[in-house]
Structure formats: structure tokens, C-alpha cells
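The values are calculated or read from the model by the stated rules, or taken from the named source; none is laboratory data. The model shown is predicted, which means the values in this text are computed figures rather than measured ones. Backbone-built Cβ (ideal geometry, glycine too); neighbour counts: all protein chains shown.
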């Protein structure tokens with residue numbers, strides 16, 4: 001079973017780490033750290049299908065869910081990400097039920113959807129070794145959509161009601177920009193919108209996720225009932241660790 005879906009069913013908060021270094025070595029290190037999930041970023045990180053594949057292979061033996069954020073909700077891109085083996089996808093900037101429905105269709109083979117069929121050459125099917133792949137693949141997919149704009153906020157209930165949407169994820173940075181507070185995710189208006197979104201998504205019966213701003217924010221969001229959250233990035237860990245080491249050595 002998909003580890004994200006299993007975690008949602010268990011009702012425990014799933015802690016994740018963002019992967020933006022686009023490197024299989026660092027992915028392998030992070031996969032062994034004990035996180036529930038890692039998100040490999042195809043939107044803002046310098047990833048290609050080849051770098052994503054290498055990272056997938058690097059974490060394959062670790063008990064962690066490999067999530068991928070696609071750069072855009074294009075069916076052709078979604079098809080490629082699924083074919084190389086991602087089971088959990090995060091789609092940015094979703095703003096309507098109609099858009100959500102198209103995304104669900106892009107993750108399903110006909111007659112359930114429009115995903116192109118190439119199972120014999122797909123890593124996801126074991127290169128054809130899994131005879132049940134075409135019939136059962138849709139059960140393994142976890143489709144998560146990002147709410148990160150004023151329009152997305154207005155359509156939460158409609159998006160959450162779409163069959164095949166497994167969870168909704170709040171993006172504080174883009175949401176702040178959309179609300180007129182670029183670079184200020186802690187602005188009171190942004191925080192109020194986030195609090196309302198969390199309540200509305202939970203009321204709609206769907207798991208809600210968020211990118212935590214820091215450890216204190218992460219603890220607060222868990223208390224708010226957030227089902228899954230990113231609590232940091234590989235870049236942030238490396239940058240802070242490098243700076244702290246130098247400060248420690250130079251400290252009088």
C-alpha cells in the first residue's frame with residue numbers, strides 16, 4: 001500500500017523533508033534519517049527526469065515514501081513521473097474542481113482516465129513484471145494538490161470533494177504572495193487564511209498538509225490537526241550545518 005495513504009489511515013502526523021539539492025547521495029542520506037516522506041521537487045529545484053530517477057533508486061530500499069512535486073499539472077509530465085516510479089504526486093497551484101478532475105484523470109489509465117499506457121517499458125510496473133499493474137495502479141497513487149492562491153482558498157470544498165484527490169497541501173509562500181504579502185508568510189492575514197483553510201479541509205474529510213515555517217510552527221500545526229507536514233529542506237540543513245560548524249570553531 002502507498003505509505004502516505006497508509007499513514008493517513010493510521011491518523012498519525014507524517015513528517016517530511018523537502019529535497020531540493022537534486023542529488024542522489026543526499027537523498028540516500030536523508031532517506032535513512034527516519035522521515036515518513038521525502039518530497040523531490042520538480043518545480044523549483046534543478047531536477048530532470050534523470051536526476052529524479054537516480055534519487056528514486058537511491059531511496060528505494062528505505063522505508064520512506066518518495067513524493068514528487070511536478071513543475072505543473074501537465075498530463076504528459078504526470079505520466080512520466082508515474083512511469084519512473086513515483087506513487088505520490090504533489091501538484092502546485094490548484095484552483096478549481098475542474099482542474100482537480102483533470103489531474104485525477106491524468107493519473108488513471110482508461111477508462112478511468114487519460115494516462116497513456118506503456119507498462120511493459122515502465123519502471124513502475126517492474127518493466128512489465130507486474131501483471132496486475134494496469135488494473136490496480138490507481139489504488140496505489142496518492143494525489144495531493146496544493147492550495148496556494150486566493151482562488152484556491154475559495155475553491156477548497158469543491159476541490160476536496162473531487163474523487164481521487166487524496167489530500168490538500170497548503171503552500172504558505174505562494175499564498176502570502178497571492179494575498180498581497182509577498183515574503184511575509186507570518187503576516188496576520190496569511191496566518192488567518194491558513195488557519196481557516198486547515199479547518200475547512202479537515203471539515204471536508206480530507207487530510208491537510210503544510211510546509212512548516214520552523215520547528216515551533218510545526219508543533220503548532222500538528223496541534224491544529226495537520227496530517228502531514230514538511231519540517232525542513234535538505235538545503236536548509238546543509239546551509240545551517242555549515243554555518244554553525246564554522247561559528248563553533250571560531251567561537252572564543
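A compact table of results
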item	result
Flag if residue 174 is closer than 30 Å to residue 113 by Cα and in contact with a strand residue (DSSP E or B) (Cβ under 9 Å, 6 or more places away or on another chain)	yes
Residue within the range 97-104 that is in contact (Cβ under 8 Å) with a residue 12 or more places away in the chain, at negative phi, crowded, with 16+ Cβ neighbours inside 10 Å and outside any helix (DSSP H, G or I) present	no
Residue within the range 9-23 that is free of Cβ contacts under 8 Å to residues at least 12 places away in the same chain, farther than 25 Å from residue 133 by Cα and touching a strand residue (DSSP E or B) at 6+ places or on another chain (Cβ under 9 Å) present	no
Residue within the range 237-252 that is loosely packed, with under 11 Cβ neighbours inside 10 Å and closer than 22 Å to residue 183 by Cα present	no
Given (1) in contact (Cβ under 8 Å) with a residue 60 or more places away in the chain; (2) surrounded by fewer than 20 Cβ atoms within 10 Å (Cβ to Cβ); (3) part of a loop (DSSP other than H, G, I, E, B); (4) on the phi < 0 side of the Ramachandran plot, number of the condition residue 165 does not satisfy	(2)
Qualifying positions in the range 199-221 - surrounded by fewer than 21 Cβ atoms within 10 Å (Cβ to Cβ), assigned to a helix (DSSP H, G or I) and under 17 Å from the mean Cα position of the chain (by Cα)	218
Residue match in the range 113-120 (condition: surrounded by 20 or more Cβ atoms within 10 Å (Cβ to Cβ), at pLDDT 95 or above, under 14 Å from the mean Cα position of the chain (by Cα) and not in a helix (DSSP H, G or I))	no
